[in-house]
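Notes follow once the structure below has been shown.
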Amino acid sequence: MDWRALPRLAAEAYPESMPPSSHVEECKFALLDTVASAWSTPDSVPPRSKSSGGNGGFPTSWATGSPAELSSACYENAFAAHASEFDCIHYMAVGHPGAAILPALVPLMQNGEIQAPDVISGYLTGLEVMATLGEAVGDRLRKRGFHSTPVLGAPAAAAAVARALRLDATRTSWAMFLASTSNVGFACAHGTVGKPRQVAAACRGGLEAALHSAAMLGEELPTGWQQPLEVLLQEELPTPLHAFGAPWALDVLPTYHKRFPMCGYFDAPIAHVDALRVRGFLREAVRITLGVPEYIATASKYRLPSTIEQARFSLPFSVAGLLARGSIDPTLFSEPSLSDSDIQRWATAVQVQKVDGELGPLGDSITGFVSVERFDGSHETAAVTYRVEPPVTSWEMLEEKLGNILPNASEATVREIVNGFQEFENLDSRQLAAILALGAENR
């Protein structure tokens, strides 16, 4: 695939009135998960100034349920969705497409500029753009110290909004170029409040780039929309491993929805440790060493975190929470846990070590290990397998997550919210605003 063709493919994506039903459901899963993630942290709202919305209504702050101006709603909602590190991941996109794309689309629907079906086709188009880019350069960006979600999310959000607004290929190309020139993300922000701000800026940048492109009059198109990415990489974009729509990314690998508000890469080692704990392998342990793939070792930036943001990127802290409490839930990532003496003691006893090899396509695997040193001086090591497997999602799983996130909501309220998202393509802006406000009230 010629990279210059990507804007045209995005503009022509999903030409039917509605995408395939399986894709629509995946979009609604991502939408519910993204909004729920925005509800999961009570203090996740960045400062903003309020002003009126567009003629069709008022975009809604997912965190507060109050009206916000279009661009502010986009930024605030993307920030809130990513601040808890609880938002969904698509591993082909090497990042979080929900937080990077959906907050740009939903306010446009509430503003009366697009309809619910446009949100769906726009999101699926943006996800496909992000997956195509992610397969080609996501790992290269990560190894160069960049955070793929804002770097790739900006042109993906621009393509999503352009598709929702039904812009042609030329204006879609302009939108992707403008978004890419305006946004970048550095991985050194992981474990800081800078990480959600990067994602929020990229999402808003994609929205504003598409709106600007829609209003442009005869400006000359740059040589290629991908030039900013090539400057960032200091090389031409390589031939994509995943060609746009052949097949669709969601047909290859579904979106992954997190069980815990922490780096998603930690789920696999946590599962291994938990299984060994139940078997009694970790009895009388004084030191535990986890042998993990490189991407997990790199993501674990902090051994003894001092902030909640750092704790979300600390595999020792997460393992310590499991060993001290017997399970992990969202309450682990709270101020009291940071000073918990049992968690601190276990965190100092956990080490993370990189093993050789890289995970590639679906079904690929790497052998890691869990090693334990016991009070009596003995050592024992168990081999574990890290494998690329498609995740499984259901409405029941997301309903349980939503119930855990909204402590003030009754089961009936949670069910009402879930029902609303299940019927998303039939909602108008006022019905959607009522659902968003209901969730915000019960945070």
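Before moving on, here are some points about what is shown:
- Within the shell defined by Cβ-Cβ distances under 13 Å, the residues around A409 carry a net charge of -2, with Lys and Arg each +1 and Asp and Glu each -1.
- Other residues within the sphere of radius under 10 Å centred on the Cβ of F86, judged by their own Cβ, net out at +1 (K and R +1, D and E -1).
- Accessible carbon and sulfur surface of the range 220-362 relative to its total accessible area, %, 1.4 Å: 49
- FRET efficiency for N408 and Q431, using Cβ-Cβ distance with R0 set to 22 Å, rounded to 0.05: 0.50
- With the charge dipole of the range 114-155 set up from +1 on Lys and Arg Cβ and -1 on Asp and Glu Cβ about the Cα centre, the Cα lying farthest toward the positive end among the listed residues F146, I114, T132 is that of F146.
- Structural descriptor for the range 107-189: relative contact order 35 percent, calculated from alpha carbon pairs under 8 angstrom and at least 6 residues apart.
- Cβ-placed point charges (K, R +1; D, E -1), dipole of the chain about Cα centre in debye, nearest 20: 980
- Estimated from helical segments only, the mean residue ellipticity of the chain at 222 nm is -15500 deg cm²/dmol, where each DSSP H run of four or more residues counts as -39500 (n - 2.57).
- Between helix 70-83 and the chain: long-axis angle, C-alpha atoms, 0 to 90°, nearest 10: 10
- Translational D in µm²/s for the range 356-433 (Stokes-Einstein at 20 °C, 1.002 mPa s, Kirkwood Rh from C-alpha pairs): 125
- The phi-based Karplus calculation (6.51 cos²θ - 1.76 cosθ + 1.60; θ = phi - 60°) puts the 3J(HN,Hα) values of the range 134-141 at x, 4, 7, 10, x, 5, 5, 4 Hz, whole numbers, x for Gly and Pro.
- Cα principal axis extents for the chain, largest first, Å: 76, 51, 37
- Estimated FRET transfer efficiency (L217, Q115; beta-carbon r; R0 30 Å; 0.05): 0.70
- Solvent exposure of Y265, expressed as accessible area, is near 60 Å², computed with a probe of 1.4 Å over the protein chains only.
- Between the Cα long axis of helix 148-164 and the first principal axis of the chain there is an angle of about 30°, rounded to the nearest 10.
- Projecting the Cα atoms of A200, S394, M216 onto the charge dipole of the chain (Cβ charges, centred on the Cα centre) puts A200 farthest toward the positive pole.
- The apolar share of the surface of the range 383-443, taken as the fraction of accessible area on carbon and sulfur atoms (1.4 Å probe, ligands and nucleic acids excluded), comes to 44 percent.
- Nearest 10 degrees, 0 to 90: helix 169-182 Cα axis against the chain principal axis: 50
- Derived scalar couplings between HN and Hα for the range 378-391 equal 6, 10, 8, 10, 10, 7, 10, 10, 9, 9, 7, 10, x, x Hz in order, rounded to whole Hz, by the Karplus curve 6.51 cos²θ - 1.76 cosθ + 1.60 (θ = phi - 60°), x for Gly and Pro.
- Computed over every Cα-Cα pair of the range 260-348 and binned at 10 Å starting from 0, the pair-distance distribution P(r) comes out as 18, 56, 26, 0 percent.
- Placed amide H near V350: partners under 5 Å, 5+ positions off or other chain: I288
- Annotation: per residue accessible area for the chain equals 39 Å², rounded to a whole number [probe 1.4 Å, protein chains only].
- If you count Lys pairs in the chain whose Cα atoms are under 24 Å apart, skipping same-chain pairs closer than 8 places in sequence, the total is 14.
- Tensor-based shape of the range 95-186 (alpha-carbon gyration tensor, a/c under 1.5 rounded, otherwise prolate or oblate): prolate
- Computed from backbone phi, the HN-Hα couplings of the range 416-428 come to 4, 5, 4, 4, x, 6, 4, 9, 3, 5, 9, 8, 9 Hz, rounded to whole numbers (Karplus: 6.51 cos²θ - 1.76 cosθ + 1.60, θ = phi - 60°; Gly and Pro given as x).
- Cβ-based net charge around A249, under 12 Å, with every Lys or Arg adding one and every Asp or Glu removing one: -4
- Solvent-accessible surface (1.4 angstrom probe) belonging to E208, in square angstrom, nearest 10: 90
- Heavy atoms of V278: accessible area, 1.4 Å probe, square angstrom to 10: 110
- Projected label points at S327 and S22, each 7 Å from Cα along the beta carbon direction, are separated by 3.3 nanometres.
- Across the options P407, L338, Q422, the greatest Cα extent toward the positive end of the charge dipole of the chain (unit charges at beta carbon of Lys, Arg, Asp, Glu) belongs to L338.
The values are calculated or read from the model by the stated rules, or taken from the named source; none is laboratory data. Worth saying up front: this structure is predicted, and the values here are computed from it rather than measured. Note: ideal-geometry Cβ built from the backbone for every residue, glycine included; neighbour counts use all protein chains shown. Just so you know, the surface numbers come from the protein's heavy atoms only, side chains and all, with ligands and any DNA or RNA stripped out. Shrake-Rupley method; radii C 1.70, N 1.55, O 1.52, S 1.80 Å.
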